[in-house]
Amino acid sequence: MFNNSVYDSSNILNNPFNTLGSIEDSSIKIGIIRSERETQTGLKYDVETYVKGRLLILTCSVMTRMGGVQNFEEYNLRPYRKIDLQLPIDPAIEKSFGTKVGDTVVVACVSGRHQEGVILGGISHPGRETALAKGDIAYINQFNGIETKIDSSGTYTLTNKALLATALDTHVAGTPIPPEVSDPTAAGNFLEINSDGSITVSDGAKQSIVIDKTGLNTTITSGSCSITLNALESAEFVAPAIKMTAKMDITTSALNTKMESKLGTSIKTMKFAVGNSSFELIDGLIKLIDALGALVVMSPAGPCNPLQGAPTWTQVMILKTKLTAFKGSL
């Protein structure tokens with residue numbers, strides 16, 4: 001809706017690119033962020049839009065969900081390159097928002113005057129393909145290289161795409177908009193909350209922490225090494241209580257594993273085993289005690305009684321009993 005009401009000329013002075021002059025306009029428009037600038041009342045955006053084929057630059061504030069002193073929301077929109085303003089661009093290309101990398105927005109004039117506008121929200125950029133298909137009840141958001149997604153099953157994923165802005169910063173309006181380019185050394189790490197409540201934190205490559213809520217397992221992985229903690233491997237009823245048996249598995253395919261402590265290492269456990277597929281240390285110590293007990297020492301007077309017949313051998317048997325109770329299995 002337009003009329004011929006005339007207002008002060010500040011609109012033309014603040015926006016020298018305007019070709020409409022000062023008219024009252026209550027319509028809602030689609031535009032693209034042309035530039036941003038600081039003003040006495042905060043950050044403002046110059047939004048490029050067209051009314052009846054004529055260029056209009058609106059100085060706009062961003063509408064947010066909260067506008068209080070302590071309750072607030074702020075975010076910066078992306079303008080397209082200022083250098084494009086100085087290039088001779090074909091009018092048909094100039095009016096095509098799909099050839100520019102800035103944010104496309106929906107704007108309205110305050111009190112119908114072009115002196116001040118409000119950015120009501122965003123709209124899908126013509127140069128970007130939509131990520132959600134028809135009927136896909138899901139959500140996706142990307143801001144400054146951080147992607148938030150909730151798929152149709154309810155799984156939430158927060159991914160660092162580590163986008164490089166270089167390709168967009170060097171883009172010239174009227175040329176194809178370049179695809180996203182990520183920093184391969186930083187991209188890929190993500191947080192995922194599955195629809196069953198399980199949680200995964202990963203660098204997208206070799207490191208992860210997985211909390212399996214259904215299976216009651218927590219697995220920590222770094223390269224070829226992993227630690228699995230089982231919150232409840234088994235449960236048996238022993239009146240008047242339930243006996244719980246927990247389990248932790250640590251596996252590695254590394255050729256050599258080293259653990260070093262400056263002050264000392266303490267391990268307190270009911271059972272313990274260390275060795276390989278053919279030999280277990282504590283079992284070997286028990287067999288060594290048995291072999292020493294049967295050992296017959298030769299003296300100048302002849303063979304002696306086996307060592308297990310000595311009066312003090314009972315102390316060795318006490319040690320063997322403790323080792324047998326402590327021995328675990330591989």
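Summary of values
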| item | result |
| --- | --- |
| Prolate/oblate/rounded call for the stretch 129-195, Cα gyration tensor, a/c under 1.5 rounded | oblate |
| Cα shape, the stretch 271-330, gyration tensor, a/c 1.5 rule | oblate |
| Other-chain or far-sequence residues with amide H under 5 Å of VAL62's (modelled H) | ILE119 |
| Extension gain (nm, one decimal) between SER278 and ILE146, 0.36 nm per residue minus Cα-Cα | 42.4 nm |
| Over 25 Å (Cα to Cα) - which of LYS268/LYS327; LYS262/LYS287; LYS213/LYS262; LYS149/LYS213; LYS44/LYS134; LYS258/LYS287 fall in this group | LYS262/LYS287; LYS213/LYS262; LYS44/LYS134; LYS258/LYS287 |
| Amide H within-cut-off set for ASN189, under 5 Å, with H built and near neighbours excluded | ASN160 |
| Percent RCO, i.e. relative contact order, over the stretch 271-330, from Cα pairs under 8 Å lying at least 6 residues apart | 48 |
| Relative contact order computed over the stretch 129-195 (Cα-Cα under 8 Å; 6+ residues apart), in percent | 29 |
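Rule-based calculations on the coordinates, nothing more; no lab input. Given the structure is predicted, the values throughout are model-derived calculations rather than measurements.
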